[in-house]
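Dumping the structure here so I can ask a few things about it.
The values are calculated or read from the model by the stated rules, or taken from the named source; none is laboratory data. Worth saying up front: this structure is predicted, and the values here are computed from it rather than measured. All Cβ positions, glycine included, derive from the backbone under ideal geometry; neighbour counts span all protein chains shown. SASA here: full protein model, heavy atoms, side chains in, ligands and nucleic acids out. Shrake-Rupley method; radii C 1.70, N 1.55, O 1.52, S 1.80 Å.
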Amino acid sequence: MTPIEQVRLNIGDLDGDYLQDTVLEWLLEQAGNSVQEASIEALETILNQIALNPQREKSGGFEVWSQNIKALERRLESLKKRKKTKRLVPMVFGTGGRSDWKDIDSIFGER
């Protein structure tokens, strides 16, 4: 799966209804090719588009304006939270005379 396809999957814009590939390419470039960062920026862009272009429906004598952005806001918060909780694994070279790595595992709460 390409980075653009991964961003599309994250933001739910699989058919490109909101953002063109060129926009996603630029967002990926700006984010240092981080799919997570680009996904967050893409969703914020979509939210802005929807917020600035509310839907207007008429039925009979009623007119309804809606800005259906709650689901996208929840998804955006989910992506931001996932980014914050991403764990980094340190690189360790050599064994230092160890026969196992239990002392290192205990640092990360693993036993």
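Every residue in the stretch 57-77 that is modelled with pLDDT under 70 and either open to solvent by 80 Å² or more (accessible area, probe 1.4 Å) or over 15 Å from Asp13 (Cβ atoms) (or both), please.
Val64, Trp65, Ser66, Gln67, Asn68
Count, please, the residues in the stretch 78-98 that happen to be small (Gly, Ala, Ser) and at pLDDT 65 or above.
Number satisfying all stated conditions: 1.
Something else now. Filter the stretch 30-41 down to residues that are more than 14 Å from Thr2 (Cα to Cα) and part of a helix (DSSP H, G or I) and give me whichever is least open to solvent (accessible area, probe 1.4 Å).
Ranking the candidates gives Ile40 first.
Select from the stretch 16-29 the residues that are outside any helix (DSSP H, G or I) and more than 21 Å from Arg74 (Cβ to Cβ) and write down the one among them that is most open to solvent (accessible area, probe 1.4 Å).
Only one residue fits best here, namely Gln20.
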